[in-house]
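Step one of this worksheet: look at the structure below.
The values are calculated or read from the model by the stated rules, or taken from the named source; none is laboratory data. Only a predicted model underlies this, so the values are computations on that prediction, with no experimental measurement involved. Every residue, glycine among them, receives a Cβ derived from its backbone with ideal geometry; neighbour counts consider all protein chains shown. These area figures cover heavy atoms from the full protein model, side chains too; ligands, DNA and RNA do not enter into them. Shrake-Rupley method; radii C 1.70, N 1.55, O 1.52, S 1.80 Å.
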Amino acid sequence: MHFPRLPNVIKFFLIKINVAEVNKLSLVILAAGESKRFGKAKQLAEIDDSFMLQRVIDQCSEIEGVDAYVVLGARSEQIQHKINFENVSVLYSPNWSEGIGATLASVTTELSELYEGLMFVAGDQPLLGAAQLKPMITSWLENTNSICCAQYDNTIGIPAIFPKKLFAGLMTLRGDSGAKGILLNAASELQTFFMPEAKIDIDYPDDLKKLRV
């Protein structure tokens, strides 16, 4: 599938939208990073005869009742030529080089008035799928003011759902600081979900080799 060249703009924008009816929750797959430690576009790393990002998209697309987005940045044109985005909307973050915090802030600013909650999933967590994400989503939909996140190896992190009351904090993120600090500051309100699959992310080629063994 061929996608249009990215226009040279200075703001965060949609490349392609496939949302027919806005839901309460958006699921945002973060795939804007440079993959510096991996050495090339890890979004296109092959796992089980599929690109890693395609695998994550396909798994998240199985979840009903949420609007799915993918955020691209580094190597976006290369990725667009390889990935099928039919079931998701595509966002482009021109400030991807500033770090994950800058991208999270831009995503939140773009989507804040459309949704009551934002769920962030990493594009390099290939073992995550509907089976892991649905319980968190179901729980959040019962109380859209709740803060939900994954718990694994005595820590917390994404996947996580941020309700509207935390959007302002997300918009202040800068550089390479992610959203974990926001979750920790809300520790007394957190609803955690044991998710050992979330500890598997692909940063280095050796991580991929271990996953294939």
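Just checking, how many residues over the range 82-96 are open to solvent by 30 Å² or more (accessible area, probe 1.4 Å), under 22 Å from Glu64 (Cβ atoms) and under 16 Å from the mean Cα position of the chain (by Cα)? Spell out the reasoning first.
Here is the first cut: in the range 82-96, the residues open to solvent by 30 Å² or more (accessible area, probe 1.4 Å) are 82, 84, 86-87, 92, 94-96.
Adding the requirement that they be under 22 Å from Glu64 (Cβ atoms) leaves 84, 86-87.
The next check asks that each one be under 16 Å from the mean Cα position of the chain (by Cα); those that pass are 87.
Count: 1.
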**Fill in**
(1) out of contact with any helix residue (DSSP H, G or I) (no Cβ under 7 Å at 6 or more places or on another chain); (2) modelled with pLDDT of 90 or more all hold for Val88 apart from (1)
**Request:** Scan the range 175-189 residue by residue and report those that are under 15 Å from the mean Cα position of the chain (by Cα) and part of a helix (DSSP H, G or I).
**Result:** Lys180
**Asked** Hey, Asn154 hits all of (1) open to solvent by 60 Å² or more (accessible area, probe 1.4 Å); (2) within 22 Å of Tyr69 (Cα to Cα); (3) of a type outside the set (Ser, Thr, Tyr) but one; which does it fall short on?
**Response** (2)
**Prompt:** Name the residues in the range 33-55 that are modelled with pLDDT under 95 and crowded, with 23+ Cβ neighbours inside 10 Å, would you?
**Reply:** Gly33, Lys42, Gln43, Met52
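Within the range 66-109, restricting attention to residues that are among the acidic types (Asp, Glu) and in a helix (DSSP H, G or I), which residue is farthest from Leu166 (Cα to Cα)? Even if it seems obvious, please write down each step before you answer.
First, the residues of the range 66-109 that are among the acidic types (Asp, Glu): 67, 77, 86, 98.
Restricting the remaining residues to those that are in a helix (DSSP H, G or I) gives 77, 98.
On the way: Glu77: 32, Glu98: 22 Å.
By that ranking, first place goes to Glu77.
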**Request:** Write out, first by first residue and then by second, each pair whose Cβ atoms fall under 7 Å of each other, whose residues are 6+ apart or on separate chains, and whose first residue, in the range 58-79, is in contact (Cβ under 8 Å) with a residue 12 or more places away in the chain and aliphatic (A, V, I, L, M) while the second is in a helix (DSSP H, G or I) and open to solvent by 40 Å² or more (accessible area, probe 1.4 Å).
**Result:** Ile63/Lys134; Ala74/Trp96
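Name the one entry in Ser177, Ser112 that is modelled with pLDDT under 95, in contact with a Gly (Cβ under 8 Å, 6 or more places away or on another chain), surrounded by fewer than 17 Cβ atoms within 10 Å (Cβ to Cβ) and hydroxyl-bearing (Ser, Thr, Tyr). It would help to see each step written out before you state the result.
Values: Ser112 fails: in contact with a Gly (Cβ under 8 Å, 6 or more places away or on another chain).
When all the criteria are applied, what remains is Ser177.
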